[in-house]
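Scroll down for the structure; my scribbles are underneath it.
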Amino acid sequence: QVQLVESGGGLVQPGGSLRLSCAASGIIFRFYGMGWYRQAPGKQRELVATITSGGSPNYADSVKGRFTISRDNAKNTVYLQMNSLKFEDTAVYYCKAMLLSAEYWGQGTQVTVSS
């Protein structure tokens, strides 16, 4: 059974930082591309960042220079380091695992940026 478990969300002030983690089980993690997506209230889910099985990252323009995606294949975990957080980063953040036509989602973790 595939499981993706996100953690690290919470309440942070504008300009602050958070580090999200997504621990995967039930898949051969090193073969999978991984991604972080987010969904704000009333909005569609959107791409935040992805990282290939080989470790190449890709970012949405809105987070470039502020967020960093990384992976630790030994720990079956993907991370999202979020710096200089803005009000508009408030959303539920989801982890996704992707390989060919297969994709799996985590349950999400809430990130709230508020003063």
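The values are calculated or read from the model by the stated rules, or taken from the named source; none is laboratory data. These numbers come from a predicted model, not from an experiment. Backbone-built Cβ (ideal geometry, glycine too); neighbour counts: all protein chains shown. When the accessible area is computed, the model is the full protein with side chains, heavy atoms only, and any ligands, DNA or RNA have been set aside. Shrake-Rupley method; radii C 1.70, N 1.55, O 1.52, S 1.80 Å.
Under the classification rounded if a/c is under 1.5, otherwise prolate if a/b is larger than b/c and oblate if not, where does the chain fall, given a ≥ b ≥ c as square roots of the Cα gyration tensor eigenvalues? Walk me through the numbers before you get to the answer.
Details: a/c = 1.81, a/b = 1.67, b/c = 1.08.
Taking the square roots of the gyration eigenvalues as a ≥ b ≥ c, the chain is prolate.
Calculate the dipole size of the chain relative to its Cα centre from +1 charges on Lys and Arg beta carbons and -1 charges on Asp and Glu beta carbons; express the result in debye to the nearest 20. Walk me through the intermediate numbers first.
Numbers: 11 positive and 7 negative charges, 23 e Å.
Dipole about the Cα centre, nearest 20: 120 debye.
Measuring with a 1.4 Å probe in the full set of protein chains, what accessible area per residue, in whole Å², belongs to the chain? Let's see the in-between values first.
Values: 6080 Å² over 115 residues.
It amounts to 53 Å² per residue over the chain.
State the answer as a single residue: which of Ser62, Val2, Ile28 lies farthest towards the positive end of the charge dipole of the chain, with beta carbon charges of +1 for Lys and Arg and -1 for Asp and Glu, about the Cα centre.
With unit charges placed on the Cβ atoms, the residue in question is Ile28.
Let's see if you can work this out: charge +1 on each Lys and Arg Cβ, -1 on each Asp and Glu Cβ, no other charges. What is the dipole magnitude of segment 39-92 about its Cα centre, in debye to the nearest 20? It would help to have the intermediate numbers written out before the result.
On the way: 7 positive and 5 negative charges, 12 e Å.
For segment 39-92, the charge dipole is close to 60 debye.
Could you check how much of the accessible area of the chain is carbon and sulfur, as a whole percent, using a 1.4 Å probe?
On the way: 2920 of 6080 Å².
Ligands and nucleic acids excluded, carbon and sulfur reach 48 percent.
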